[in-house]
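Accompanying notes for the structure given below.
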Amino acid sequence: MTLFDRFEKAFMPNYGVPPVALARGEGTRVWDVDGKEYLDFIGGIAVSSLGHAHPALVEAVSKQVATLAHTSNLFLHEPEVLLAEKLLALLNAPGRIFFANSGTEANEAAYKLALKYGKQDGRSYFVAAENGFHGRTIGALSLTGKKAIRDQFGPFPVEVKFVPYGDATALKEAVTGDCIAVFLEPTQGEAGVVPPPDGYLEAAREVCDSTGALLVADEIQSAIGRTGHWFAHQADGVTPDILTLAKGLGGGLPIGACIGFGDAGKLFDKGDHGSTFGGNPVSCAAALAVLDNLDLDHVKKVAVQLRTGLEAIDHPLLKGVRGRGLWLATVLNEPVAPKVQQAAAEAGFLVNALQPDAVRLAPPLVVTEDEIQQFVDAFPGVLSNA
Ligand SMILES: *Cc1c(COP(=O)(O)O)cnc(C)c1O
């Protein structure tokens, strides 16, 4: 039996059987179990920010696991304090942090913070965006604007009104003094790497300010350098009330964060929330290594190279390119993204068929100019083979 057959037999069918079995990686390169080499242009869904087996991450994690791997929240440890302080310094706004293990847990914390806020003055509903993605646990799922993955698990405890993403007028109409919070991604990730029109986040900030609803920025996919900024919202000059992080923060180790700014950081009382593993020393050490070793100037430079390289491709299947920084979707003229993904893998590149007509690219933020060039040079052939 192959590894794929064994996977299919042992696992629940929720993922289907993935097409490639990976064995190891180094930088942007990964090798499958048969020794075939690929350039990883998806980075474990925008997670492997330092690439694979980065020496600084390996050292930080190895040292920490050999020193103290776990304390629970009954005891504190220095790596979590260093990481919280570092994130707050990068955010440059007064805030308080809660560490979780994943994106959905970070949003679950944000959801509970918001609920607590809303109960103070009888607010009754949330607003979120159509096609938005916030996670798979029940609170985060209830905010996720994809009927196919949400509705079969409802009804949910609190009403969520969905508005078309990027439509500031619809958002303003939906948010009233009864609204608890607005959950938005600064650029939608799972929906197909869809940036909003200019001014959208500012409009969201304005309507939240005028109605008293909290603005929650879900930056689980967009933060930690992915767009060329530490946090995507910084490019819009907007500070949310609550910010959630995960994916790229741990560089492959599981960690999520929920950050409340101003009064939103002080809503939880002792005992209101918790996590046994959240903010464990090993994940915090990994995240510190990520923050210490990312080079945003490099990200900006190679991001321009990737985008201009792809935009210069003249191919009947390629409709265009959208996204921000090292986080792009190549948009196709036909719904053949799975075939493009497969042709890319055959050519030695890992990409992700995100939507029927959109292929996501989110390479490690340490991807080299040479690796970008290899991908750009190969992409027309990949499209032709799809
Ligand atoms: C991935 C993602 C999540 C969920 O994160 P998990 O770690 O898979 O739970 C939530 N929000 C956004 C925007 C994401 O991209």
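The values are calculated or read from the model by the stated rules, or taken from the named source; none is laboratory data. These numbers were taken from a predicted model, which means no experiment stands behind them. Because the Cβ atoms are built from the backbone with ideal geometry, glycine has one as well, and the counts that use them run over all protein chains shown.
Of the residues making up the stretch 18-49, those that are without any contact (Cβ under 8 Å) to a residue 40 or more places away in the chain and in a loop (DSSP other than H, G, I, E, B) are Pro18, Ala21, Val33, Asp34, Gly35. It is to be established whether one or more residues within the stretch 136-155 are within 16 Å of the ligand (Cβ to nearest atom) and farther than 21 Å from Gln221 by Cα. Within the stretch 136-155, one or more residues are within 16 Å of the ligand (Cβ to nearest atom) and farther than 21 Å from Gln221 by Cα.
Look through Glu80, Glu8, Glu59, Glu105 and report the one residue that is in a helix (DSSP H, G or I), within 16 Å of the ligand (Cβ to nearest atom) and charged (D, E, K, R). From the options Glu80, Glu8, Glu59, Glu105, the qualifying one is Glu105. Against the conditions (1) within 16 Å of the ligand (Cβ to nearest atom); (2) touching a residue at least 12 places away in the same chain (Cβ under 8 Å), Tyr15 satisfies every one except (2). Of the residues Gly118, Gly122, the single one that is part of a helix (DSSP H, G or I) and more than 24 Å from the chain's Cα centre (by Cα) is Gly118. Restricting attention to the stretch 250-268, the residues that are touching a strand residue (DSSP E or B) at 6+ places or on another chain (Cβ under 7 Å) and within 16 Å of the ligand (Cβ to nearest atom) add up to 5. Within 16 Å of the ligand (Cβ to nearest atom), surrounded by fewer than 16 Cβ atoms within 10 Å (Cβ to Cβ) and either over 23 Å from Gln234 (Cβ atoms) or touching a residue at least 24 places away in the same chain (Cβ under 8 Å) (or both), is that true of Phe126? No.
Within the bounds of the stretch 212-231, is there any residue that is farther than 29 Å from Leu361 by Cβ, within 15 Å of the ligand (Cβ to nearest atom) and either surrounded by fewer than 21 Cβ atoms within 10 Å (Cβ to Cβ) or in the same structural domain as Glu85 (by TED's automatic domain parsing) (or both)?
no
Among residues of the stretch 350-365 that are modelled with pLDDT of 95 or more, those with a beta-carbon under 7 Å from a residue that is among the hydroxyl-bearing types (Ser, Thr, Tyr) and assigned to a loop (DSSP other than H, G, I, E, B) at least six positions away or on a different chain give the pairs Pro363/Thr28; Pro364/Thr28; Pro364/Ser48; Pro364/Ser49; Leu365/Ser49. Going through (1) out of contact with any Gly (no Cβ under 9 Å at 6 or more places or on another chain); (2) assigned by TED's automatic domain parsing to the domain that holds His77 one by one, Leu328 falls short only on (2). Set side by side, the residues Pro240, Pro186, Pro195 differ, and just one is within 15 Å of the ligand (Cβ to nearest atom), assigned by TED's automatic domain parsing to the domain that holds Arg136, surrounded by fewer than 24 Cβ atoms within 10 Å (Cβ to Cβ) and modelled with pLDDT of 95 or more, which is Pro195. Does Lys161 count as closer than 23 Å to Ala46 by Cα, among the basic types (Lys, Arg) and either in contact (Cβ under 8 Å) with a residue 12 or more places away in the chain or not assigned by TED's automatic domain parsing to the domain that holds Val238 (or both)? No: the conditions fail for Lys161.
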